[in-house]
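The values are calculated or read from the model by the stated rules, or taken from the named source; none is laboratory data. Here the structure is a predicted model, which is why all the values come from computation and not from measurement. FYI the Cβ positions are ideal-geometry reconstructions off the backbone, even for glycines, and counts take in every protein chain you see. Ligands, DNA and RNA are excluded from the accessible area calculation, which covers all protein heavy atoms including side chains. Shrake-Rupley method; radii C 1.70, N 1.55, O 1.52, S 1.80 Å.
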Amino acid sequence: MSRAAFAVHGVGYAVGDARILEDVTLRIRYGRLLALVGPNGAGKSSLLGVLTGDRRATAGRVLLDDRPLADWAPRRLSRMRAVLTQSNQVAFSFTAREVVEMGRAPWIGTDRAGADAAIIALSLAQADVARLAGRTYPSLSGGEKARVSLARVLAQDTPIVLLDEPTAALDLRHQEDVLRIARDLARAGRAVVVVLHDLSLAGAYADDIAMMHHGRIVAHGSPEAVLTEQRVAAVYDTPVRVLRDPDTGRPIVLPRR
């Protein structure tokens, strides 16, 4: 078994009287791509926020590399995990390249700063936005902004990558590209967590899936084990058909119409 990047023990998260997460226990390992899935309001983004350190758990504990997450200094944390949020907004008219350069900020003054130019160029190419490098960020389409934001995350070059709905604004080709990138990062030894709504994408690319419902993890395991017709129908409250991809054997989830 690979080493755990995160160990989540009995985590709860509440806002006022609203309990968003309850008794979440999960191990997230290096070298694995974990997809967090579940219907709207299941707690996926809230759990990701707890992992990033942007939201503080109101119960339980989160360990990052066997140390309490709260003990990590912000600069050290920024060198450990990169985060893509749902909101891809930049307040000023930076160019796409300048936005990607922001991902290198944690490494200023370190011995890794010398690699900035090469890593930025590679990240622009991986996210298929090199041709947009000179464009101002506000002038980009929603999908282009999402890909530039992904390039910023790649440029941060951290051992943990957390992506919240990275395919939401993307066309079919770029959805596949993003999940291939995520899978390749995991194959290279990084811990990757992706929040997804598309169950077939999760089934195609994830090593592990954690399905959430009402703030709890109701299933965690391989795509084949988690994405069953009975479970998906019960959690999403809609009938589905689960097929096997004839090329890969991976599950494909289709609504019954």
Taking segment 102-132 and keeping residues of a type outside the set (Asp, Glu), farther than 22 Å from residue 180 by Cβ and either open to solvent by 50 Å² or more (accessible area, probe 1.4 Å) or in contact with a Cys (Cβ under 8 Å, 6 or more places away or on another chain) (or both) leaves 102, 108, 109, 112, 114, 117
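Across segment 186-203, which residue is surrounded by the fewest Cβ atoms within 10 Å (Cβ to Cβ) among those that are part of a helix (DSSP H, G or I) and in contact with a helix residue (DSSP H, G or I) (Cβ under 8 Å, 6 or more places away or on another chain)? Quick ask: steps written out before the conclusion?
First, the residues of segment 186-203 that are part of a helix (DSSP H, G or I): 186-187, 199-203.
Cutting the leftovers down to in contact with a helix residue (DSSP H, G or I) (Cβ under 8 Å, 6 or more places away or on another chain) gives us 199, 201-203.
On the way: 199: 24, 201: 20, 202: 28, 203: 26.
In this case the residue turns out to be 201.
Quick one: which residue in 170, 154 is free of Cβ contacts under 8 Å to residues at least 40 places away in the same chain and open to solvent by 10 Å² or more (accessible area, probe 1.4 Å)?
Numbers: 154 fails: free of Cβ contacts under 8 Å to residues at least 40 places away in the same chain.
Going through 170, 154 in turn, the sole match is 170.
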Test residue 224 against the criterion of being within 18 Å of the chain's Cα centre (by Cα), over 22 Å from residue 64 (Cα atoms) and open to solvent by 20 Å² or more (accessible area, probe 1.4 Å), and give yes or no. no
Here is a list of conditions, (1) open to solvent by less than 30 Å² (accessible area, probe 1.4 Å); (2) over 22 Å from residue 222 (Cα atoms), and residue 70 meets all of them except one; can you say which number that is? (1)
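Picking from 43, 12, 31, 16, which residue would you name as being in contact with a Leu (Cβ under 9 Å, 6 or more places away or on another chain), surrounded by fewer than 21 Cβ atoms within 10 Å (Cβ to Cβ) and either at pLDDT below 95 or of a type outside the set (Asp, Glu) (or both)?
The unique qualifying residue is 12.
Taking residue 55 as the residue in question, decide whether it is of a type outside the set (A, V, I, L, M, F, W, C), surrounded by fewer than 17 Cβ atoms within 10 Å (Cβ to Cβ) and either part of a loop (DSSP other than H, G, I, E, B) or modelled with pLDDT of 95 or more (or both).
On the way: of a type outside the set (A, V, I, L, M, F, W, C): yes; surrounded by fewer than 17 Cβ atoms within 10 Å (Cβ to Cβ): no; either part of a loop (DSSP other than H, G, I, E, B) or modelled with pLDDT of 95 or more (or both): yes.
No; evaluated as a whole, the condition is false for this residue.
What are the residues in segment 1-57 that are hydroxyl-bearing (Ser, Thr, Tyr) and in contact with a helix residue (DSSP H, G or I) (Cβ under 6 Å, 6 or more places away or on another chain), if any?
As a first pass, look at segment 1-57 and keep what is hydroxyl-bearing (Ser, Thr, Tyr): 2, 13, 25, 30, 45-46, 52.
Within segment 1-57, 13 is the sole residue that qualifies.
Residues in segment 227-236 that are exposed (fewer than 14 other Cβ atoms within 10 Å of the Cβ) and under 25 Å from the mean Cα position of the chain (by Cα): how many?
Of the residues in segment 227-236, 1 are exposed (fewer than 14 other Cβ atoms within 10 Å of the Cβ) and under 25 Å from the mean Cα position of the chain (by Cα).
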Given the structure, is residue 135 open to solvent by 40 Å² or more (accessible area, probe 1.4 Å), of a type in the set (D, E, K, R) and touching a strand residue (DSSP E or B) at 6+ places or on another chain (Cβ under 8 Å)? yes
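Which residues, taken from segment 71-100, are closer than 23 Å to residue 190 by Cβ and small (Gly, Ala, Ser)?
Once the filter is applied, which keeps residues that are closer than 23 Å to residue 190 by Cβ and small (Gly, Ala, Ser), segment 71-100 yields 73, 78, 82.
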For segment 123-143, state whether one or more residues are at pLDDT 95 or above, out of contact with any Phe, Trp or Tyr (no Cβ under 9 Å at 6 or more places or on another chain), among the polar types (S, T, N, Q) and farther than 17 Å from residue 36 by Cα. yes
Of (1) open to solvent by less than 50 Å² (accessible area, probe 1.4 Å); (2) of a type outside the set (Ser, Thr, Tyr); (3) closer than 30 Å to residue 200 by Cα, residue 99 fails just (3)
